[in-house]
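One structure below.
The values are calculated or read from the model by the stated rules, or taken from the named source; none is laboratory data. Not measured: the values here are computed from a predicted model. Cβ atoms come from the backbone with ideal geometry, glycine included; neighbour counts cover every protein chain shown.
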Amino acid sequence: MTHLPRPANALMLAMLAAGYGLTAASVPPTPAAMEKTAMNADDRRSARVTGADAVLEVRFEYAEGGPLKVAYTLRNEGRAPLMAFDRGNRHAVLTKKLAQGDIAVPTFMQEDGDLTLSHRALPLSKPHPIIPPTPLASRVEPGDAMEGEFEFAMDTDVPVDRVRWCVGVVPFADDFKALKPEPNKPEVWLGSLNDADRQQLLCTPWFDLASSSFES
């Protein structure tokens, strides 16, 4: 079962970022490694991103004045379990900003009219927070797929022309720890702060809000 976070405005997200020990610079505007991206010619609201042992299929829905709705499917085409950092971090759960198992509100960075949303493992900020933002991940077994969806309110301080979304993934490693699941919530795994440096970022093409379509 997918659980949607409530739509959040820019002020709320900025407060969440401050609580996690983030700044806008914490979220890179470009993926760590460029991945081959292919478009569905028949549906300009859908995109397919191919990475190392991973395929991300994404659909954006947007109407002026409403939130951006993102639905995604992550497929594991490798031989090892794949960990996706779409469940926020331990700090957010312990401080009651996020229910364990829910898809987290994405972090964001805006440059003029371009907005990048991200679900990714976060680096340790300075000064170090009392509770570090240790990432929480979904696990996708080889040959399997995981589906998810979330919404993002587009009422930012500066008008947005284009938006994209990135998700960080890594192969399973021994330092991941399965957490006791919450009732009626999916299984979540605790990663490590080292995942921020070794994750692969899968990023969609830019999505033009005026035409409600991905760019070629």
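Structure notes:
- Residue that is within 14 Å of GLY168 (Cα to Cα), modelled with pLDDT of 95 or more, part of a strand (DSSP E or B) and not small (Gly, Ala, Ser), where the choices are ARG75, ARG59, ARG87: ARG75
- Taking the numbered list (1) under 15 Å from THR73 (Cα atoms); (2) not in a loop (DSSP other than H, G, I, E, B) in turn, PRO142 passes all entries but (2).
- Against the test of being aliphatic (A, V, I, L, M) and in a strand (DSSP E or B), the options ALA92, ALA121, ALA99, ALA137 yield a single qualifying residue, ALA137.
- When THR116, THR73, THR107 are screened for being touching a helix residue (DSSP H, G or I) at 6+ places or on another chain (Cβ under 8 Å) and among the polar types (S, T, N, Q), only THR107 passes.
- Of all residues in region 181-201, those satisfying the criterion of being outside any loop (DSSP other than H, G, I, E, B) and of a type in the set (A, V, I, L, M) are LEU190, ALA196, LEU201.
- Taken as a whole, region 182-189 holds at least one residue that is of a type in the set (Val, Ile, Thr) and modelled with pLDDT of 95 or more.
- The residue pairs whose first member lies in region 88-107 and is on the phi > 0 side of the Ramachandran plot and without any contact (Cβ under 8 Å) to a residue 40 or more places away in the chain, whose second member is surrounded by 22 or more Cβ atoms within 10 Å (Cβ to Cβ) and of a type outside the set (Asp, Glu), and whose beta carbons are closer than 8 Å, counting only pairs six or more residues apart or on different chains, do not exist in this structure.
- Condition met for LEU117 (of a type in the set (A, V, I, L, M) and under 25 Å from SER46 (Cα atoms)): yes
- Applying the condition of being in a strand (DSSP E or B), surrounded by 14 or more Cβ atoms within 10 Å (Cβ to Cβ) and among the aliphatic types (A, V, I, L, M) to region 146-180 and asking which residue is nearest to the chain's Cα centre (by Cα) yields VAL167.
- Cβ-Cβ under 6 Å pairs, at least 6 apart or on other chains, region 52-75 side free of Cβ contacts under 8 Å to residues at least 40 places away in the same chain, far side of a type in the set (A, V, I, L, M, F, W, C) and in a strand (DSSP E or B): ARG59/ALA71
- Taken over region 72-96, residues that are under 15 Å from the mean Cα position of the chain (by Cα) and aliphatic (A, V, I, L, M) amount to 5.
- Output for region 110-133, where each listed residue is modelled with pLDDT under 95 and either aliphatic (A, V, I, L, M) or touching a Leu at 6+ places or on another chain (Cβ under 8 Å) (or both): LEU122, PRO123, LEU124, SER125, ILE130, ILE131, PRO132, PRO133
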